[in-house]
Each structure stands twice: as C-alpha cells, then as structure tokens.
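Visitor: Quick one: the structure is below, questions incoming.
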Amino acid sequence: MTTSIVDTDLAPVTTDGTNLYLYYQDAQGHIVETYSSDGKSWQKSSDPVATNARSSPASPITAYYVERDANFGGKSTIHVFYFDTAKKLADRVKVLSSSSWEDGKVPDNIASAPVEASRLTSGSYNTDTSGWNPDGSQWVYFHQFTGSIEQLTEIRRTPKDPVYAEAILPEKPGESLADSTLAVSTSRGEINLFFQDHERNVASYENRDSKWNDKKVIIPAKDVLIETPMAAARSHESSGTQHLLLVDQSKPSQIQHYAEGKLVGAVDQFYNGTRLGAVPLKSTVVLFYKPVNPAGSIRTKVYDGGDWKDGGEVVPAN
C-alpha cells in the first residue's frame, strides 16, 4: 500500500526559517504531518492532524504559520485548512509550544461557502513591526458561487477571530475557473494570487496595500497543462523574487519554473494527477512533489539561484 493518496495536496510550512513541516493526506484519508529540522531527515508525527477529511476525491489542503497568533495569546501556531467529510471548510490549529491540535473557529456560513470542486490556498504575514500587520494577519482563498457565477473569495483573521469573508474584485466575477488550482505568495503590503482563467491561461490578481488590481495573464494557455497544479513562493532575499511552479503540455509533461513571470526551465518530469507545494527557506525555494519513480513517494527539489538540486525523500512510497 502506498503511504499517501495519489492526488493529495502537498502543503508545506516553514516556521523559523529552519524547521519544515509538510501536510498531506495518507492512504487512510487522514491529514498527517511530517517534520524536518534540516530539510534532509524527516519524521512523521505520531498523531494525525485530522481524521475527518474528505478523501474521495482528496481534500484540498493548505497551511500557514503565525508567529504571534492573537487567538492564542501571541503564541506561535500552524493552521491547516481542508474540507471535512461534510464538504465544509475546517481549520485545525497547533500551538507549537504544546504540539497539540485543536479546532479553529470557522463560522458555518463561511465553512459551507466553498464550491465542492474548489481548491484552497492561504498565507500569513508575520515579520512586520511597522504597523502593516504586526499581529500576524491570515488569509485563505477559495471559490464560491455568487448566484450562478463562480467567485474568488478571501477570508481573513486580522489578527484574530471572527473570520470574515470578502469577494475579490466582486465587480468582475467568473474570471477564474471554479476548479482551478490556486497559489498565493505574500510580502510586505503585497499579495499575489495565481489561478487559471476560462481560457486556461495562468493569471493573477495582485493586492497592493489592501487594493486588488485587475486580472493579469502571466503565462499563456499554450504553455500550461489544461488543469495544471501550481505552487508559488516569494524568496527571502532582499529583492523578494516571485517563483511559480506549474506543469507544461510537453510529452511527458515537465514541472516548469518561472521567476517574475519568466521561464527559468524544467525541474523534473511530472507524475500525472499529483500536486505541488513550495515554500521559501532562507535563501532557497523548496519544491515538494511526487516523482515518477519511485511512484508514490514525496521528494523535494531545492533552488538556490542556480540549478534545482535533489533535496531527498520526504515520504517513502510504501
């Protein structure tokens, strides 16, 4: 038996710039955690994150770190969002100092809002003491229907409960596909949200200082798999390069790396039906993916500004 569902999301988190966590759905359908302090040696946590996740198809999963969580007395936390067996949006929270998981509060009207086919993505901002988000603002994105038209929605904690929802560019609904993969990256005063539009182009919305800008096509449909997985990460160097990983239409398909919208090159062959995750780590970007061989395993590739290097096995195939 393989150790994970084939199409599980891969949701990585880094906490202090050294520790890495990956959240995924195992073969029993549980959302589980594996952890590394050096990016090389990985240890699966004994207790599952959630045992009530949707498993057929695999639940979307997204996760983020909050350095000073206002809901938990300023303690550091990790949040994991997913769809439960009732097809509702759920939040599980771990206080890092205690390593225990508990339910986060998601109002029922928000929990039931995402369409069944929606993907999830999320982000947080932790490192600013100048007033932009000093207490760890949190964002989660999904698709919901407004009438008969799909709409990208953002839910926020700024900085604590209650969670509230806002439509993104409500005057322009229906620009993104309801089942499109979503990917997001954040930096001070800026959020970049990536999706596929109805022509299958990869496009983005950009939020600068709390104002969303109109859709911008980043990569044309001819260069992108029809239903491509995506992962985004903004590196931590002073320039804050925007990295986007997705899959092309070549045969066999390749995972392609774009930096600031420009093609850098292929990372590895794509294992059909799987998903991608990426996270910045110090001066590098770490990609989580399922290789063609050994099928069923989860590995990393690490980008340091040169070539992508093999980062080793995170989860064995069986």
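Visitor: Six or more apart or on different chains, Cβ atoms under 7 Å: show the pairs whose first residue is in the stretch 300-318 and under 18 Å from V6 (Cβ atoms) and whose second is charged (D, E, K, R).
Guide: E313/R299; V314/R299
Visitor: Quick one: in the stretch 249-260, which of the residues that are touching a strand residue (DSSP E or B) at 6+ places or on another chain (Cβ under 6 Å) and not in a strand (DSSP E or B) is farthest from L120 (Cα to Cα)?
Guide: Among those residues, the one meeting the criterion is P252.
Visitor: Could you look through the stretch 110-127, keep only residues that are in contact (Cβ under 8 Å) with a residue 40 or more places away in the chain and of a type outside the set (S, T, Y), and pick out the one that is farthest from Q196 (Cα to Cα)?
Guide: N126
Visitor: Sort through L263, L246 and tell me the only one that's surrounded by fewer than 20 Cβ atoms within 10 Å (Cβ to Cβ) and either at pLDDT below 95 or not in a loop (DSSP other than H, G, I, E, B) (or both).
Guide: Values: L246 fails: surrounded by fewer than 20 Cβ atoms within 10 Å (Cβ to Cβ).
Step by step, each of L263, L246 is checked, and only L263 is surrounded by fewer than 20 Cβ atoms within 10 Å (Cβ to Cβ) and either at pLDDT below 95 or not in a loop (DSSP other than H, G, I, E, B) (or both).
Visitor: Can you name every residue in the stretch 35-49 that is under 19 Å from S100 (Cα atoms) and without any contact (Cβ under 8 Å) to a residue 60 or more places away in the chain?
Guide: Listed by number, the residues that qualify are Y35, S37, Q43, S45, S46, D47, P48, V49.
Visitor: If you don't mind, there's one more thing I want to ask. Go through the stretch 272-308 and give me each residue that's among the β-branched types (V, I, T) and either touching a His at 6+ places or on another chain (Cβ under 8 Å) or part of a strand (DSSP E or B) (or both).
Guide: V279, T284, V285, V286, I298, T300, V302
Visitor: Restricting the search to the stretch 154-193, which residues are part of a strand (DSSP E or B), crowded, with 21+ Cβ neighbours inside 10 Å, hydroxyl-bearing (S, T, Y) and at pLDDT 90 or above?
Guide: S176, S185, listed by residue number.
Conditions tested, residue by residue: (1) part of a loop (DSSP other than H, G, I, E, B); (2) closer than 24 Å to P173 by Cβ; (3) under 20 Å from the mean Cα position of the chain (by Cα).
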{"site": "I218", "(1), (2), (3)": "no, yes, yes"}
{"site": "K222", "(1), (2), (3)": "no, no, no"}
{"site": "L225", "(1), (2), (3)": "yes, no, yes"}
{"site": "T228", "(1), (2), (3)": "yes, yes, yes"}
{"site": "A231", "(1), (2), (3)": "no, no, yes"}
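Visitor: Something else now. Touching a strand residue (DSSP E or B) at 6+ places or on another chain (Cβ under 8 Å) and under 23 Å from P291 (Cβ atoms): is that true of S76 in this structure?
Guide: No; evaluated as a whole, the condition is false for this residue.
Visitor: Need the failing condition index for D128 against (1) surrounded by fewer than 18 Cβ atoms within 10 Å (Cβ to Cβ); (2) at pLDDT 95 or above; (3) among the charged types (D, E, K, R); (4) closer than 24 Å to N207 by Cα, just the number.
Guide: The failed condition is (2).
Visitor: Being in contact with a Lys or Arg (Cβ under 9 Å, 6 or more places away or on another chain), closer than 12 Å to K160 by Cβ and among the small types (G, A, S) is the filter here; which residues of the stretch 61-81 pass it?
Guide: Once the filter is applied, which keeps residues that are in contact with a Lys or Arg (Cβ under 9 Å, 6 or more places away or on another chain), closer than 12 Å to K160 by Cβ and among the small types (G, A, S), the stretch 61-81 yields A70, G74.
Visitor: In addition: Specify the residue that is surrounded by the fewest Cβ atoms within 10 Å (Cβ to Cβ); the eligible residues are those in the stretch 35-57 that are in contact with an Asp or Glu (Cβ under 9 Å, 6 or more places away or on another chain), farther than 19 Å from R299 by Cα and small (G, A, S).
Guide: A50
Visitor: Which one of these does P48 not meet: (1) in contact with a His (Cβ under 6 Å, 6 or more places away or on another chain); (2) under 22 Å from S235 (Cα atoms)?
Guide: Here P48 meets the rest and fails (2).
Visitor: Within the stretch 22-56, track down each residue that is outside any strand (DSSP E or B) and within 16 Å of F81 (Cα to Cα).
Guide: Listed by number, the residues that qualify are G29, H30, P48, V49, T51, N52, R54, S55.
Visitor: Please count how many residues of the stretch 136-150 are of a type in the set (S, T, Y), modelled with pLDDT under 85 and under 27 Å from E67 (Cα atoms). Walk me through how you get there before you give the answer.
Guide: First, the residues of the stretch 136-150 that are of a type in the set (S, T, Y): 137, 141, 146, 148.
Narrowing further to those that are modelled with pLDDT under 85: 137, 146, 148.
Subset that is under 27 Å from E67 (Cα atoms): 137.
Total meeting the criteria: 1.
The values are calculated or read from the model by the stated rules, or taken from the named source; none is laboratory data. Being a predicted model, the structure only gives us computed values, none of them experimental. Backbone-built Cβ (ideal geometry, glycine too); neighbour counts: all protein chains shown.
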